[in-house]
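Report on the following structure.
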Amino acid sequence: MDRISALGAGTGTAIHTLSDYRHHLKRNMIQALDTIQANQITTLLFVVSKLDPIQKTLGTDYVLPLWAIDPTASNPIRVSIYRRSVESMPDVRGPGDIV
């Protein structure tokens, strides 16, 4: 399964082309990786290409640093997911997981 089809798996949506993918994102109010800017809070759908361990921030939160790729991005981008507890982090086990 290629990257585009994999991102549609389990969504009930047939995604075969980059145009299908962009339409699915827009319909579900999800942003493509090639459109985000630094320090932006947004909703994303991506494939994990590299994963670092969850870390405690200097405050009260935790951060999950990872590298993300989707069909719109030519290179992986760094993504930081912040949560108040480790238990509320997404269940990401390694490269290839879809978040």
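The values are calculated or read from the model by the stated rules, or taken from the named source; none is laboratory data. Quick caveat: nothing in here was measured; it's all calculated off a predicted structure. FYI the Cβ positions are ideal-geometry reconstructions off the backbone, even for glycines, and counts take in every protein chain you see. We work out accessible area using only protein heavy atoms, side chains counted, and drop any ligands, DNA or RNA first. Shrake-Rupley method; radii C 1.70, N 1.55, O 1.52, S 1.80 Å.
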Residues of the range 26-70 that turn out to be of a type outside the set (A, V, I, L, M, F, W, C) and without any contact (Cβ under 8 Å) to a residue 24 or more places away in the chain, as a count: 16
Subset of the range 64-99 [touching a Ser or Thr at 6+ places or on another chain (Cβ under 6 Å) and open to solvent by 80 Å² or more (accessible area, probe 1.4 Å)]: Trp67, Pro95
Subset of the range 43-63 (residues that are closer than 13 Å to Val99 by Cβ and surrounded by 10 or more Cβ atoms within 10 Å (Cβ to Cβ)): Leu44, Leu45, Phe46, Val47, Val48, Ser49, Lys50, Leu51
Yes/no for Thr35 being under 26 Å from Ser19 (Cα atoms), open to solvent by 60 Å² or more (accessible area, probe 1.4 Å) and over 12 Å from the mean Cα position of the chain (by Cα): yes
